[in-house]
Amino acid sequence: MTALSADHLNKAATLQLHVTGLSCASCVARVEKAIRAVPGVASASVNLATQRAAVNFNGSPDTAGVVKAITAAGYGIETGTARFRIENLHCASCVNRAEKAFKSVPGVIEANVNLATRTGTVRFAAGVTNPGTLAKAAAAAGYPAQEIKPETLPSTPNGRSEEEKNLSRAVFAALILTLPVFAFEMGSHIFPAFHMFLMEAFGMQALRVAEFGLTAMVLFGPGLRFFTSGLPALWRGAPDMNALVALGAGSAFVYSTLVTFAPRLFPAGTSHVYFESAAVIVTLILFGRSLEARAKGRAGAAIERLIGLKPKTARVLREGVPAEIPLEDVAVGDQILVKPGEKVPADGRVLEGFSYVDESMLTGEPNPAGKSPGSEVVGGTLNTTGSFSFKVTRTGADTVLAQIIRMVEEAQGAKLPIQALADKVTARFVPAVLVIAAFTFLVWYVFGPEPSLSYALIEMVAVLIIACPCAMGLATPTSIMVGTGRAAELGILFRKGDALQTLASVTAVALDKTGTITKGRPELTDLLAASGFDRNRILALAAAVEASSEHPIAAAIMKAARESGAGYETLVKQSSGSWWPFHRRSFALNRNDTVKFAAMPGLGVEAIAAGRHVAVGADRFMKAQGIDVSAFAEAAARAGAQGKSPLYVAVDRKLAGLIVIADPVSPAAREAVEAIKGLGIEAVMVTGDNRRAAEAVAKEVGIDTVIAEVLPEGKIEALRALRSRHSKIAFVGDGINDAPALAEADVGLAIGKGTDVAIEAADVVLMTSDLRTAATAIAMSRATMRNIKQNLFWAFAYNIILIPVAAGALYPAFGILLSPMLAAGAMAFSSVFVVTNALRLRRFVPLARQQAPSVSEPAARQSSASGREALEAMGT
């Protein structure tokens, strides 16, 4: 046995880690040096060929320390992450011990256990351990764990409904059994006549035997859970909340039982029974846990609603015939038909039809989005008007909805830095309570009034019962659970738990311009026609030329032509190729008449359209062709001062018109900037665009500080410069081109459409393009942190104040003692208070958004007509 143990220890004291980023012998030397500097490391050897590091320790392996050293040296470790659903979690002490069980496994880098969600997340070195080993370690410590597979989409939120039902049944049974015991004892004290009646009718001994039987049924029926969980934890030297309840209620029951059946063992005057205290303690604590479970169920309502968005069936087209099949049977490539009022079953791309889809589950926005062939649809969204068919591109755990649920679950399971103090206290809390309870018993037994044994017992039980590590354990995770859930409902996904705390303390927000403050899609804002030219003709010719270009400006011109009814795409043969009068008729060009297309990057494009030479480009492009643009010099200068891009159109080498292109400011940008400033945060624009355009946009939205003309790497330097004035900085960008800045900022917020949920560089994903969501995210994080601090204050203040009261600290001066029954009520109320306070976050109200009228086909046509009228009025 000794040899086996030694071998096991030697094996456990050696780690084999897969190191990433090794490229040469110098890398090997640097990594070995970094590892050897970690306390407790005996030796380290890195193999360049296998990319592995063998680390030997003098004692227990410090995987986290080694990983931190390797990372600090500029290299990485191949890691894995496993999530578990954990049983027997009842208080903060349970959380600490479950985490220690996970961390005791060699190879574990980090372990976080969440009391509110009853889940654990473990990050470990790949190849050193595995989820099965981790689950066994937790089970050995008394906390059975079941791995939550990454591909699994939960059907119910943490199984709380069943827990609530079990607790409700337990409370009902305990209450029925406790009421007679309580009535016998307390009724006798309050009503002397009732006491006399009981004595004459039944006698003292018969009543005590009846109370014994009823209380035993309470303790070893509904209350058995406290003993089956608490006593084994006590024997393992790891007492938890259940152990305190078992000791408290059990002590009162055993003492009363001995008084009932062996009264001669006790001195005269001490033969009092406390069956009612034991029964009421268990009943009240069960009632508190029932309320707590119900409240936690409401706290997880966000996940429950997200899961409820999944339809159960889908109408799949098989050989052209719709067939209703279970959602689980839908496969990628299937064609699905969606009718009005139905939910979209899976992610896909529209093939046929047109409709408006309510995507508020993704973005928090009330306005339905139009869907036509080629548009993407997301599973769980609601089809409102027309019918359409789509091809499935993602199913099950790969869908956007599944990704959102995973993000919310991970954020809810996170442990914030603010919880570190609570963890340190709760790790020693229950042992400290046991010591205080023992000390209380001794003091009252030695120095207390007669009958001192009764006083000592009652005050010891009061101390054991009133102590509440549950409130400490629930203070932070419950607030996180509700806060991140509410944020998800508003289209805000916290990908990293600590971002919730960091975002609350930012003092500056750096904003990208394109796609963040602006729409990110160029639009034609003005069109001026030269003398002798018709504006619609110019637009149609320019669009016909740009049809061969993939530039964003070309897309803006073609979009404007479509909306104006210019009809450049209609393939109508022009008989003479001459100019046709317009008079509000669509000017149609044959795409076959557009030939000899040529594009000059940075200058413009030219082609033959309808038998005419058409050129579209900047002023220098026109000058190179000998075309005078002075007629529009003033208008072009005015557009440039506003941050817009003036382009010229020439037909047969003659100046025909001026087209002005701009990336319009997002309608909500100014309101968002004002909201950010209202939170006491400085708003800064950081962009790669030219300074004149950037300052024009900044002035429009109310930003005072502009850092312009910087490359993506330059944005990192700009953020570092801001840190000289601010401790915490957030950066808001589109999550693609701004990835370096998003990673550099203390908190990166990626703003974009609902399908952009896998933006790895960001800490927070904003599911809508509305910049006001960024301000809402900051306000939400601050509200959550305030709530956490309130909960922690209550949890600590409650114990600091009431444990001494339960021990009898007020008795010498005021003669006040705390009944064990009142202690049980206070303990139950403490946990319920914390959870109820966290639930207030569900009422968090975001920045008000303009409510658009519901969209319908006539409204859509009216909108299109309005767009044409606006385009026709341009240039006046």
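The values are calculated or read from the model by the stated rules, or taken from the named source; none is laboratory data. All values derive from a computational prediction rather than experimental measurement. Cβ: placed from backbone, ideal geometry, glycine included. Neighbour counts: every protein chain shown. For the accessible areas, the whole protein counts, side chains as well, though only heavy atoms, and no ligand, DNA or RNA atoms are used. Shrake-Rupley method; radii C 1.70, N 1.55, O 1.52, S 1.80 Å.
Here are the numbers for the structure shown:
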read-out: ³J(HN,Hα) computed for each position of region 368-385 - Karplus, 6.51 cos²θ - 1.76 cosθ + 1.60, integer Hz, glycine/proline x; value: x, 9, x, 10, 9, x, x, 6, 8, 10, 10, x, x, 6, 10, 6, 9, 10
read-out: Vicinal HN-Hα couplings computed from phi for region 114-121 (Karplus, 6.51 cos²θ - 1.76 cosθ + 1.60; Hz; Gly/Pro x); value: 10, 5, 5, 8, 6, 10, x, 10
read-out: Heavy-atom accessible area ranking, 1.4 Å probe, most first, across 551, 726; value: 551, 726
read-out: Amide hydrogen neighbours beyond the local backbone of residue 314, cut-off 5 Å, H modeled; value: 325, 327
read-out: Two-site FRET efficiency, residue 711 against residue 743, from Cβ-Cβ distance with R₀ of 22 Å, rounded to 0.05; value: 0.90
read-out: The chain - percent relative contact order, Cα under 8 Å, separation 6 or more; value: 12 percent
read-out: Pairwise Cα inverse-distance average, inverted: Kirkwood Rh of region 192-277 (Å); value: 14.3 Å
read-out: Computed label-point distance, nm, for sites residue 104 and residue 210 using a 7 Å Cα→Cβ extension; value: 4.9 nm
read-out: Over 22 Å [Cα-Cα, region 389-486], rounded percent; value: 57 percent
read-out: By average C-beta atoms within 10 angstrom, highest first, the peptides 319-330, 423-434, 706-717; value: 423-434, 706-717, 319-330
read-out: Distant-in-sequence amide H partners of residue 354 (H built 1.01 Å from N, under 5 Å); value: 387
read-out: Gain in span if fully extended, residue 446 to residue 670, counting 0.36 nm per residue against the direct Cα distance; value: 73.4 nm
read-out: Burial order of peptide ranges 448-461, 89-102 (average beta-carbon count within 10 Å, highest first); value: 89-102, 448-461
read-out: Listed residue (641, 740, 609) projecting farthest to the positive dipole end of region 609-762, Cβ model; value: 609
read-out: Hz values of 3J(HN,Hα) by residue in region 430-436 - Karplus curve (6.51, -1.76, 1.60), Gly and Pro given as x; value: 4, x, 5, 5, 4, 5, 5
read-out: Distant-in-sequence amide H partners of residue 79 (H built 1.01 Å from N, under 5 Å); value: 126
read-out: Using alpha-carbon coordinates, inclination of helix 204-219 to the longest axis of the chain, degrees; value: 30 degrees
read-out: Approximate shape of the chain as ellipsoid semi-axes (Cα gyration tensor, √5λ), whole Å, largest first; value: 69, 32, 26
read-out: Gyration tensor (Cα) of region 771-822, equivalent ellipsoid semi-axes in angstrom; value: 42, 9, 6
read-out: Difference of contour (0.36 nm per residue) and Cα-Cα distance, residue 201 to residue 318; value: 34.1 nm
read-out: Within region 74-111: backbone nitrogen closer than 20 Å to the residue 496 label point (7 Å, Cα to C-beta); value: 74-83, 109-111
read-out: Simple spin-label estimate for residue 620 and residue 439 in nanometres, 7 Å along Cα-Cβ; value: 8.2 nm
read-out: At q = 0.12, 0.13, 0.14, 0.17 Å⁻¹, base-10 log of I(q)/I(0) for region 607-725 (Debye sum, equal scatterers on each alpha carbon); value: -0.61, -0.67, -0.73, -0.89
read-out: Debye-sum result for region 306-389 in log10 I(q)/I(0), which assumes one identical scatterer on each alpha carbon, at q = 0.11, 0.25 Å⁻¹; value: -0.25, -1.33
read-out: Square roots of 5 times each gyration tensor eigenvalue, C-alpha, region 1-133, largest first, Å; value: 29, 18, 12
read-out: Residue 600 paired with residue 23, simple spin-label distance in nm, labels 7 Å along Cα-to-beta-carbon; value: 4.1 nm
read-out: Carbon plus sulfur fraction of accessible area for the chain, probe 1.4 Å, in percent; value: 58 percent
read-out: Computed lengthening from residue 262 to residue 613, 0.36 nm per intervening residue step minus Cα-Cα distance; value: 114.8 nm
